[in-house]
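S.K.: Let me begin by handing over the structure; questions about it come next.
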Amino acid sequence: MIKTINELKNKRITGIQRICDYWQIITDECKVSIYNPVKYCMQSSGSIELRNIRIKDIIEHTIIDVIYKEFDYLKIELENKNTILISLLEKDYLGPEAACIHFCTGQLLVI
């Protein structure tokens, strides 16, 4: 079975960490490594850089939707209506990929 980006839906975030020059979001079934610029967007008060979040704002929240807009962004919406917004703009690429999802099955999805 080929995994898709929609496999992130209904996953609970169990951790987040900065590894060298990228972010990794850990869920109960996969790890999302983010290499491009990423922001945490709060419904009530705008957006902040991921490095400035309070861990409790993300940990133990469930992903309810994933929106992919080619050449623009990847948006991960949490059940608290806040989002993790990953830039897919060409000018923002820091490596060959913007992000990748490492599933517990061993499958890898490169974005």
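S.K.: Being basic (K, R), without any contact (Cβ under 8 Å) to a residue 40 or more places away in the chain, under 19 Å from H102 (Cβ atoms) and out of contact with any Cys (no Cβ under 7 Å at 6 or more places or on another chain): is that true of R54 here?
M.R.: no
S.K.: Out of all the residues in the stretch 11-21, which are in a strand (DSSP E or B), farther than 13 Å from N52 by Cα and either of a type outside the set (K, R) or modelled with pLDDT under 95 (or both)?
M.R.: The answer is I13, T14, G15, I19.
S.K.: For K75, all conditions in the list (1) under 22 Å from C104 (Cα atoms); (2) out of contact with any strand residue (DSSP E or B) (no Cβ under 8 Å at 6 or more places or on another chain) hold save one; what is the number of the exception?
M.R.: Checking K75 against (1) under 22 Å from C104 (Cα atoms); (2) out of contact with any strand residue (DSSP E or B) (no Cβ under 8 Å at 6 or more places or on another chain), the one that fails is (2).
The values are calculated or read from the model by the stated rules, or taken from the named source; none is laboratory data. Keep in mind that what you see is a predicted model, and the values were worked out from it rather than measured. Quick reminder, even Gly has a Cβ in these numbers, built from the backbone with ideal geometry, and neighbours come from all protein chains shown.
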